[in-house]
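Student: If you scroll down you'll find the structure; I have some questions about it.
Where a number appears in this text, it was derived from the coordinates with a stated rule and is not lab data. Owing to the predicted nature of the structure, the values given are computational and were not obtained by experimental measurement. With ideal geometry, Cβ positions are generated from the backbone for all residues, glycine too; neighbour counts draw on all protein chains shown.
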Amino acid sequence: MTNEKKIVWRDTTVRRAVAGLVVITLMPAAILFIAAGRVDWWEAWVMIAVLALSMIASRVVMFRTHPDLAMERARWTEDRNIKAWDKYLMPLVALYGPALMWLVAGLDKRWNASPPLAIELEIAAFVVVILGYLISIWAFIENNFFSTVVRIQTERGHSVVSAGPYRWVRHPGYAGGFVGFLATPIALGTLWVFAPAVLTCIAIVARTALEDRTLQNELAGYREYAARVRYRLLPGVW
């Protein structure tokens, strides 16, 4: 790759990463505060900060440790042997589900639909949310094939990853999101968010099952890995 091509690649990838950071920060903020009709909501500000910091941390890690993964993720909209079912499940899990959660949270806050929760309970839920994101970032660090979409990355030498959190569950990135989503209603003090959070978690379970089946059928060595690491998402559960 020439120096000119490297500069173009880096500029394009950095621009897309920055755009993603802006979207992931501004979209929940806009939905939460517009739906709530107010900005004096400390839980929402903390949640936005957690989302932004986790996004920044994961992108810094990606550019420092897996620069080729940055290019892979930047090209997620291109149709490169992406599984047909993931064209529906990926946006449901990564975009529509969370957006619906923010919308319901804001409306819940506007109408005071949920009873007030103890601040200690909300803080504990935020700790769980942060732990969920840390698990996902750890998976991001260990897995050079952590693509946005489900596909076998043959051109990148796709292989089985079994280090870090992959020693205990086969899909720790999803596990972190699953735990974080379920803790979000309590963290925001908006219990009605459990409805879209549970629906989003069901979509995560479906995507996990389909991705796991794809890997077992198409990725060399994954069946042996699955025999060693029994659980897909939650240790001791499934």
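Student: Just want to confirm a number: the relative contact order over the stretch 3-228, from Cα pairs under 8 angstrom separated by 6+ residues, in percent.
Tutor: Computed over the stretch 3-228, the figure is 26 percent.
Student: Between the stretch 119-147 and the stretch 161-238, what's the alpha-carbon centroid distance in Å?
Tutor: 13
Student: Oh, and also: Quote to one decimal, in nm, the extra length available between R110 and V128 on full extension: 0.36 nm per residue of separation minus the C-alpha distance between them. Don't jump to the answer; show the numbers that get you there.
Tutor: Details: separation 18, 0.36 × 18 = 6.48 nm, distance 2.50 nm.
Full extension from R110 to V128 adds 4.0 nm.
Student: Distance in nm between label sites at V198 and I56, each 7 Å beyond Cα in the beta-carbon direction?
Tutor: Here the modelled spin labels are 3.6 nm apart.
Student: Net charge near K109, counting Lys/Arg +1 and Asp/Glu -1 over other residues with Cβ under 12 Å of its Cβ? Display every interim value, and only then the final one.
Tutor: Working: positive: R38, R110; negative: D40, E43, D108.
With Lys, Arg at +1 and Asp, Glu at -1, the net is -1.
Student: Sticking with this one: Which one, V205, L219, F178, projects farthest toward the positive side of the charge dipole computed for the stretch 82-238 from Cβ point charges (K/R +1, D/E -1)?
Tutor: Of the candidates, L219 comes out farthest on the positive side.
Student: What angle do you read, to the nearest 10 degrees and between 0 and 90, between the alpha-carbon axis of helix 97-111 and the longest principal axis of the chain?
Tutor: The answer is roughly 10 degrees.
Student: Sticking with this structure for a sec: Go ahead and run the numbers for FRET between A49 and K87, Cβ-Cβ distance against an R0 of 41 Å, rounding to 0.05.
Tutor: Numbers: r = 32 Å, r/R0 = 0.77.
Once the sixth-power term is evaluated, E becomes 0.80.
Student: Could you tell me the calculated FRET efficiency between V23 and R228, based on Cβ-Cβ distance and R0 = 45 angstrom, to the nearest 0.05?
Tutor: After rounding to 0.05, the efficiency reads 0.75.
Student: Rounded if a/c is under 1.5, else prolate if a/b beats b/c, else oblate: with a ≥ b ≥ c from the C-alpha gyration tensor eigenvalues square-rooted, which is the stretch 76-186? It would help to have the intermediate numbers written out before the result.
Tutor: Values: a/c = 4.08, a/b = 1.66, b/c = 2.46.
Because a/c hits 1.5 or more and a/b fails to exceed b/c, the stretch 76-186 counts as oblate.
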